[in-house]
Amino acid sequence: MKLVADTHTHTISSGHAYSTITENAAHAKINGMEAIAMTDHGPALRGASTEVHFMNLGVIPEYIDGVRIFRGAETDIMDFSGTLDIPDKILSRLEFVIASYHDIVITPGSIEENTEGMINALKNPFVDAVAHPGNPVFQVDIDRVVKAAQEYGKLIEINNGSFRVRKGSFENCLEFVRKCRKYGVSVTCGTDAHICYDIGKFSKVLEILEEGQMPEELVLCTSLEKVEDFVSRRKAARKAAVSALKAKQAQAL
């Protein structure tokens, strides 16, 4: 299986990453990627991007050095109700939004609490995927999370960086793949690169996908066309959610 898109990358705007978007695009091309998502951290993470960063992502070209750039964010799950650190009005304008837990932002809860928070994030109409959900520090009910992704038309991320910085992720990620295969839920693949050289390096992700016998049709990142189609469908869903919210607000007046 060949992956051509990396949907989880960081630039210097994340505060603890070390490459610019142009450097990321250049090395994405070198490493065989046709597309990357620019998913910098939200403001809850110390030193990370402010809301203004995400409001101004429209200045980023769709293509840099021949690589498609999806303008997005990695937003933090702040509580078990699924509150995020970037407002919906900003997330609604982006192309690819991943939501995740970080233990320097929120203290890990019980399996039930962690599961509820992740499912509530998946319910958000402006979230496209949950990132590094196999992190054992935030153990979840994998079956319930995958079923929620199925219900809301969202993605489960398999994160290559997890196997280096989130020790013990392998078995959880493998179980996520098996459950996604069982329920027909698509996965997206991210390196979580914090420096340009790591973009597109998916050795552990590919190992997990192979061991979990994941069919290629359920792996988003095997073609740019599949990613573009997903982003297009989610864009329509975002517009519908914004329209529904405005109608609800008008009725309340």
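Read-outs: derived from the displayed coordinates by stated rules, not from any lab. Computed from a predicted structure; not experimentally measured. Note that we place each Cβ from the backbone using ideal geometry, even for glycine, and neighbour counts take in every protein chain shown.
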- Give, rounded to the nearest 20 debye, the magnitude of the charge dipole that the chain has about its Cα centre when Lys and Arg contribute +1 at Cβ and Asp and Glu contribute -1 at Cβ. 580
- Message: Taking a virtual spin label 7 Å from the Cα of GLU207 along the C-beta vector, which residues in the range 158-184 bring their backbone nitrogen under 15 Å of it?
- Response: 159-175
- Here the percent of antiparallel bridges among DSSP beta bridges lying wholly in the chain, to the nearest 5, is 10
- Of the peptides 59-66, 205-212, 70-77, 163-170, how do they stack up when ordered by the mean number of other Cβ atoms within 10 Å, highest first? 70-77, 205-212, 163-170, 59-66
- Do any cysteines in the chain lack another Cys Cβ under 4.7 Å, and if so which? CYS173, CYS180, CYS196
- Query: How much length is gained if the chain between ILE104 and THR83 is pulled fully straight, taking 0.36 nm per residue apart and subtracting their Cα-Cα distance, in nm to one decimal?
  - Reply: 6.0 nm
- Message: Give me Rg/Rg_expected for the range 5-252, where Rg uses Cα atoms only and Rg_expected = 2.2 N^0.38 Å with N residues.
- Response: 0.93
- Item | Paramagnetic reach from ARG164 in the range 63-77 [backbone N under 19 Å; point 7 Å along Cα→Cβ] | 74
- Of ASN160, ALA236, ILE208, which is farthest along the charge dipole of the chain in the positive direction, counting Lys and Arg as +1 and Asp and Glu as -1 at C-beta? ALA236
- Note on the structure: So for the range 84-145, using the alpha carbon gyration tensor with a ≥ b ≥ c as root eigenvalues (a/c under 1.5 gives rounded; past that, a/b versus b/c decides prolate or oblate), I'd call it prolate
- Task: State, to one decimal in nm, how far the label point of GLU225 lies from the label point of LYS182, with both points 7 Å from Cα in the Cβ direction.
- Result: 3.2
- Item | Virtual spin-label span in nm between ILE111 and TYR197, 7 Å along Cα→Cβ | 4.0
- Task: Report, in whole Å, the centroid distance computed from the Cα atoms of the range 39-92 and the range 175-253.
- Result: 16
- Query: Among ILE36, ILE111, which comes first, then next, by fewest other beta-carbon atoms within 10 Å?
  - Reply: ILE111, ILE36
- Starting from the Cα-Cα distance between ARG233 and GLU171, subtract it from 0.36 nm times their residue separation and give me the gain in nm to one decimal. 19.2 nm
- Which of LYS29/LYS239; LYS204/LYS239; LYS89/LYS147; LYS89/LYS167; LYS29/LYS235 have a Cα-Cα distance over 30 Å? LYS29/LYS239; LYS204/LYS239; LYS89/LYS167
